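Data first, discussion second: the structure below is written as structure tokens.
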Amino acid sequence: MHALDPGPKDAPAVPPGSGVTFVMPVLNERAYLERAVETVLAQDVAAPTELVIALAPSTDGTTELARRLAERDERIVLVDNPAAHIPVGLNLAIRAARHPTIVRVDAHSELDPAYTRRALETLTRVGAANVGGVMRADGRSPFQRAVARAYNSPIGLGGGAYHGGTQEGEAESAYLGVMRRDVLDEVGLFDESIRRGEDWELNLRVRRAGYRVWFDPTLSVTYWPRESWPRLVRQFFATGRWRGELVRRFGRGNSLRFFAPPALVLTIAAAAVVGVLQLTGVLTGWWAAAASVVYAPLVAYALLIIAVALGSGGGTGWRDKVWTAAVLPSMHLSWGTGFLLGVLRGADDTVDTSRLGNRNTPLP
């Protein structure tokens, strides 16, 4: 969380008992959708609620499952998202919403029953336009538990507030988010040209409009990360490339923590060059010794990864520890490589192919 000047404006208040609309974009989420929907419908809110699901063209039966769920509960509303892009789906769902407070939810997430009630209380108490809490990643297999452990560690994702912060206050962004619809309409909803990091960019506009984005550590959401190494790498490469694009667009609006993974990639590249020059005899003597300093941060990084993998937290089995040692650099290097490409060339039409049922099936 950044030290930010308090937003000068309170978000428009809504009358007590006003309804809440949950919005959920989905694509190939059959394994997680039903449980996610159950936790939304079980929210302890003394107000009318609805869940608007934006359906992308899935190949795993997600659409058919969503239709069955909607037939069982009239609070579920379905809208089509043929573009299959998250910000497009979010905007379609928000435009279909009937209530003045919007709660973004994810098919890979599960809400505590009191989540929305507490978030509404915080919105009213601090006059924020958006409030979010902590992402509590969890896993069902050794690999997924290792990814969750990385998500929950400052080493994994750079120590953003929603990855383990404990101090309530103004924030740069919010995980998922409980938002006032009036403010969303004022700033223009999600930017549909941004495929990843759309939440960060929206919150940047909210803050620039003078409103507060708030972090409340009493709010937590269970998140189920990607289940396989290839999907994780593709997810993080796409996210990194879009972060590079956002750096191109917004420069210093980005936190310094986003530059750590690309710095690691560049350090590895520099070490590889130095190693080749030393092995071929181009660098010798004092110059070779001086250039060897490039190896020091890599040794420190390797020791850090080993310490985290062997440390407490997460699964205790040897598979969990081995996967943690593999997952952390996979996340850092794929994200950092994507970031560098994004800064140099932009994001172009990069999408998160980890969401596809078939890797060879392109998004429309």
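The values are calculated or read from the model by the stated rules, or taken from the named source; none is laboratory data. Every value quoted in this text rests on a predicted model; they were computed, and no experiment measured them. With ideal geometry, Cβ positions are generated from the backbone for all residues, glycine too; neighbour counts draw on all protein chains shown. Just the protein is used for accessible areas: all its heavy atoms, side chains included, with ligands, DNA and RNA removed. Shrake-Rupley method; radii C 1.70, N 1.55, O 1.52, S 1.80 Å.
A few notes on this one:
- Once backbone amide H atoms are built at 1.01 Å from N, THR101 has THR21, ARG181 as its partners under 5 Å, excluding neighbours fewer than 5 places away on the same chain.
- Gain in span if fully extended, ARG35 to SER292, counting 0.36 nm per residue against the direct Cα distance: 87.3 nm
- The phi torsions of the stretch 133-140, fed into the Karplus equation with coefficients 6.51, -1.76 and 1.60 and a -60° offset, translate into couplings of x, 9, 7, 9, 6, 9, x, 10 Hz, rounded to whole numbers, with Gly and Pro shown as x.
- With all pairs of different C-alpha atoms in the average, the Kirkwood value for the hydrodynamic radius of the stretch 209-268 is 14.5 Å.
- Antiparallel bridges, percent of DSSP beta bridges restricted to the chain (to nearest 5): 30
- Share of pairwise Cα separations in the stretch 38-106, more than 16 Å, in percent: 48
- Dipole in debye (nearest 20) - the stretch 180-302, about Cα centre, beta carbon charges: Lys, Arg +1; Asp, Glu -1: 100
- Karplus (6.51, -1.76, 1.60) ³J(HN,Hα), θ = phi - 60°, over the stretch 21-30, in Hz, Gly and Pro reported as x: 10, 8, 10, 9, x, 9, 8, 6, 10, 4
- Fully extending the segment from ARG95 to ASP73, taken as 0.36 nm per residue of separation minus the present Cα-Cα distance, adds 5.9 nm.
- Highest to lowest packing among 21-27, 293-299, scored as the average C-beta count within 10 Å: 21-27, 293-299
- Magnitude of the charge dipole, the stretch 33-101, Cβ model with Lys/Arg +1 and Asp/Glu -1, debye to 20: 180
- Helical content alone sets the calculated 222 nm signal of the chain at -15000 deg cm²/dmol, taking -39,500 (n - 2.57) per DSSP H segment of four or more residues and averaging over every residue.
- Rolling a 1.4 Å probe across all protein chains gives GLU201 an accessible area of roughly 10 Å².
- Neighbour cut-off at most 13 other Cβ (10 Å), DSSP loop, trypsin sites (Lys or Arg not before Pro), the stretch 77-150: ARG98, ARG140
- For the chain, the longest principal axis of the alpha carbon atoms and the long axis of helix 229-250 meet at an angle near 80°.
- Listed values for the stretch 319-331 are Karplus-derived 3J(HN,Hα) couplings in whole Hz (6.51 cos²θ - 1.76 cosθ + 1.60, θ = phi - 60°), namely 5, 4, 6, 5, 5, 4, 5, 8, 5, 4, x, 4, 5, and x replaces Gly and Pro.
- Order by protection proxy (mean Cβ within 10 Å, highest first), peptides 33-39, 239-245, 166-172: 239-245, 33-39, 166-172
- Database remark: amide H of THR49 closer than 5 angstrom to the amide H of VAL20 (H placed geometrically; neighbours at sequence offset of 5 or more, or on other chains; Pro and chain starts carry no H).
- Positive-end extreme of charge dipole, the stretch 176-240 - chosen from SER193, GLN235, GLY210 (charges on Cβ): GLN235
- Per DSSP, loop chymotrypsin sites (Phe, Trp or Tyr not before Pro) in the stretch 316-356 with at most 10 further Cβ within 10 Å: none
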